[in-house]
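Notes follow once the structure below has been shown.
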Amino acid sequence: MKQPHPSSLSDIFLAEAEQAELETRAGEENRLAELLQETGAGNSSEQARLGAATLLRQLGRHDEAIALLAAGTRSGASARLWTRYIDILAECNRTEQAIGCAGQARIAFPDDVLFQMKEALLLPVIYDSLQELNEYRARFEAGLDRLGTEIRLDDAEQRVAALDALQNLSIIMLGYQGRDDRNLQVRYGNLVHRIVTACYPEWNKRLRMPPVSGREPLRIGYVGERFRDLSGMRHFLGWMRGHNRDRFAVYAWYTGATMDKVTEEIRSMSAGFHHFPRTQPQAFEETCRSIRSLNLHALIFLDAGMESDITQIAALRLAPLQCKAWDQPITSGLPTIDYAFTPELSEPEGGERHYSEQLMRLPGVGVCYQKPIIPTPLLRKTRRDFGLREDACVYLCSQQAFKFLPQNDAVFAQIASRVPDAQFVFTIMNAPVRSDFLRRLSRAFEAVGLRAEDHCVVLPELRHLDYWNLQLLGDVFLDTIGWSSGGSVFEAIACNVPVVTVAGEFMRGRQGAGILLQLGLGDTVARDIAEYVELAARLGQNRPFREEIVRRVAAGHPGLFSDARSVGALDDFFEREIFPRAGR
């Protein structure tokens, strides 16, 4: 039987994927119509209203979702509906409105600590100006002080209310302000620790290191909410794969709901895999109890600070040695985390002062990052499909919106002044945030006599295949300033795209620099903003220089991807820390 030509297989795959997407969207539209009918005149089904708002959000119709939830709050809405309304306002950068609604909900539900916390600590997705950033930072600090005195834990009901609130709260946006957050993170970490240990005092005692006997492997555990095919997991999966199984028994605790091929790989490689989806009742207690029952020697939290449930678990003492990775590359501030792992090439000299934990610097980029397999035959979209000019010098700026600070908008305008055919392509999460971001860019370009619409293309967030497709069409990847990309830089390099970065003050602003240094391309790591603009412009204007960098990027792959040195360093670290403290 004749085998299909590879291009035919690609066509079949793409056609099936597109058809499945169309069918999914059609099903969502049909279900949405049904739910909207249920929320019509004379019908006050709150469940239908919540379901319709979720579908509107998934379909990118955020303004309609906001209007639908706003209408629901006018008729004796539950705390759940108020929470959803506040969250979508915050997600759409309607921060002042979200804070006002949190204040209203706090009055309506005085015993719900979540509204108290959100009113005090909500931060924007993006800031309109540096002045606005400073004002919100001062507001956050005052709110944190207020919560420290207002939250009462005198009785069981108060303790449970505070614990439940933490499950739905995150201060992740604080780190994207680009400041030294150690003190604020410690104050928040102490608040979390106080609440969680008030509920579970039996899990607040420092544990003795279990004895080590004979050739018994040391027991280490990994805890995460995102054990699936996501950027953060691609960073740290190499650790879990690479531990010497003669020396270590690796256990995993997964609190997310979605399962995929990565989840199954982790299950298969673990000496014990424990799945307690956070959405299920008692999942928090079951996870903690399960971890304690294994009498581990060490425990690693992959996304403490990223996911609220993992942060709460990390605020307890469940193993004698507790460590964190850098999915959120900032100190946890928790008194229960002993060590923060960090990449040697990205951590600045004296970086210890930015952490409440002790630092453990791992060699090179600190991870064993597997080179992505780019499915080139499936990536057939052209520049026109992304709204890009064929003759443009395309600068990829495809990071999350909150990484772009207003004081750096002028960088794009300065590059465009030097490279007249420049086009910058951004991928921004939703239409309201895109609108706010474009308004900022317009001001920056107008300041140098240019129009943002001639040089900036702002796209919705892309599916992974489309993201790779866009990378292959770009000329230069511009790393974000202040909060550098990790996974996006790895993927740009896998697509042989030159990367320009600047080494920031904190590790979170130096990940791209570390990756380029290990790649052997320190000459595209700028010393300051002026040199960043110079390098970006030179790559845009000087084709032979750009082609030389592309060649060197490709040549550097073997020294960057699947570098196992960090795994060996971790194994040695655990033995060095565990054996002296363990009974024999």
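When segment 450-469 is filtered for residues that are at pLDDT 95 or above and open to solvent by 70 Å² or more (accessible area, probe 1.4 Å), the ones remaining, listed by number, are R451, E453.
Considered as a group, the residues in segment 185-201 that are surrounded by 20 or more Cβ atoms within 10 Å (Cβ to Cβ) and under 21 Å from the mean Cα position of the chain (by Cα) include one that is nearest to P329 (Cα to Cα), and that residue is Q185.
Sub-9 Å Cβ pairs linking a first residue in segment 271-292 that is under 17 Å from Y222 (Cβ atoms) to a second residue that is open to solvent by 60 Å² or more (accessible area, probe 1.4 Å) and not in a loop (DSSP other than H, G, I, E, B), at least 6 apart or interchain, are F273/R267; H274/E286; H275/R267; F276/E286, ordered by first then second residue. Look at (1) among the β-branched types (V, I, T); (2) more than 27 Å from L438 (Cβ to Cβ); (3) at pLDDT 95 or above and you find that T95 fails only one, number (2).
In segment 128-135 there is at least one residue that is in a helix (DSSP H, G or I), touching a helix residue (DSSP H, G or I) at 6+ places or on another chain (Cβ under 9 Å), under 27 Å from A431 (Cα atoms) and open to solvent by less than 30 Å² (accessible area, probe 1.4 Å). Restricting attention to segment 305-325, the residues being farther than 22 Å from I578 by Cα and either part of a strand (DSSP E or B) or open to solvent by 10 Å² or more (accessible area, probe 1.4 Å) (or both) number 5.
Would it be correct to say that E119 is open to solvent by 50 Å² or more (accessible area, probe 1.4 Å) and either part of a helix (DSSP H, G or I) or within 20 Å of R84 (Cα to Cα) (or both)? So E119 does not fit the description; no.
If the condition is being small (G, A, S) and under 19 Å from R234 (Cβ atoms), then segment 252-280 contributes A252, G256, S268, S270. Please indicate, with yes or no, whether at least one residue in segment 321-333 is under 18 Å from E575 (Cα atoms), touching a strand residue (DSSP E or B) at 6+ places or on another chain (Cβ under 8 Å) and of a type in the set (S, T, N, Q). Yes, the conditions are met somewhere in segment 321-333. In segment 68-77, the count of residues that are in contact with a helix residue (DSSP H, G or I) (Cβ under 6 Å, 6 or more places away or on another chain), without any contact (Cβ under 8 Å) to a residue 24 or more places away in the chain, surrounded by 20 or more Cβ atoms within 10 Å (Cβ to Cβ) and not hydroxyl-bearing (S, T, Y) is one or more. Among the residues of segment 266-282, those that are surrounded by fewer than 17 Cβ atoms within 10 Å (Cβ to Cβ) and assigned to a helix (DSSP H, G or I) comprise R267, S268, M269. Among the residues of segment 154-184, write down those that are over 19 Å from P329 (Cα atoms) and either open to solvent by 40 Å² or more (accessible area, probe 1.4 Å) or of a type in the set (K, R) (or both). D154, D155, A156, E157, Q158, R159, V160, D164, Q167, N168, listed by residue number.
Among the residues making up segment 93-104, those that are closer than 29 Å to Q407 by Cβ and either open to solvent by 60 Å² or more (accessible area, probe 1.4 Å) or in contact with a Pro (Cβ under 8 Å, 6 or more places away or on another chain) (or both) are N93, R94, T95, E96, Q97.
Here's the yes/no breakdown for (1) assigned to a strand (DSSP E or B); (2) under 26 Å from A431 (Cα atoms); (3) without any contact (Cβ under 8 Å) to a residue 24 or more places away in the chain:
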{"site": "E352", "(1), (2), (3)": "no, no, yes"}
{"site": "V367", "(1), (2), (3)": "no, no, no"}
{"site": "K381", "(1), (2), (3)": "no, yes, no"}
{"site": "E390", "(1), (2), (3)": "no, yes, yes"}
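Given the condition over 27 Å from Q167 (Cβ atoms), in contact with a helix residue (DSSP H, G or I) (Cβ under 7 Å, 6 or more places away or on another chain), surrounded by 21 or more Cβ atoms within 10 Å (Cβ to Cβ) and of a type in the set (S, T, Y), answer yes or no: does some residue in segment 345-364 qualify? Looking for residues that are over 27 Å from Q167 (Cβ atoms), in contact with a helix residue (DSSP H, G or I) (Cβ under 7 Å, 6 or more places away or on another chain), surrounded by 21 or more Cβ atoms within 10 Å (Cβ to Cβ) and of a type in the set (S, T, Y), one finds at least one in segment 345-364, hence yes.
When you go through R380, R418, R389 one by one, which is the residue that is open to solvent by 10 Å² or more (accessible area, probe 1.4 Å), out of contact with any Gly (no Cβ under 9 Å at 6 or more places or on another chain), over 27 Å from D229 (Cβ atoms) and of a type in the set (D, E, K, R)? Residue meeting the stated conditions: R389. Among the residues of this structure, D229 counts as one that is among the acidic types (D, E), at pLDDT below 95 and not in a strand (DSSP E or B). Within the bounds of segment 202-219, is there any residue that is among the hydroxyl-bearing types (S, T, Y) and under 30 Å from E141 (Cβ atoms)? Checking segment 202-219: not a single residue is among the hydroxyl-bearing types (S, T, Y) and under 30 Å from E141 (Cβ atoms).
Yes or no, residue by residue, for (1) outside any helix (DSSP H, G or I); (2) among the charged types (D, E, K, R); (3) in contact with a helix residue (DSSP H, G or I) (Cβ under 6 Å, 6 or more places away or on another chain); (4) open to solvent by less than 10 Å² (accessible area, probe 1.4 Å):
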position	(1), (2), (3), (4)
R106	no, yes, yes, no
P110	yes, no, no, no
I126	yes, no, yes, yes
G143	no, no, yes, yes
R152	yes, yes, yes, no
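Scanning segment 242-261 for residues that are open to solvent by 50 Å² or more (accessible area, probe 1.4 Å) and touching an Asp or Glu at 6+ places or on another chain (Cβ under 8 Å) gives N244, R247, K261. Of the residues making up segment 421-449, those that are open to solvent by less than 20 Å² (accessible area, probe 1.4 Å), in a helix (DSSP H, G or I) and closer than 30 Å to A65 by Cα are P432, V433, D436, F437, R440, L441. With a requirement of 1 or more residues that are within 21 Å of R234 (Cβ to Cβ) and open to solvent by 50 Å² or more (accessible area, probe 1.4 Å), the helices (runs of 4 or more DSSP H) lying completely within segment 493-584 that satisfy it span 511-519, 557-560, 565-578.
The values are calculated or read from the model by the stated rules, or taken from the named source; none is laboratory data. Computed from a predicted model, the values in this text were never measured in an experiment. Note: ideal-geometry Cβ built from the backbone for every residue, glycine included; neighbour counts use all protein chains shown. The protein model used for the area step is the full one, side chains on, heavy atoms only, and it has no ligands, DNA or RNA in it. Shrake-Rupley method; radii C 1.70, N 1.55, O 1.52, S 1.80 Å.
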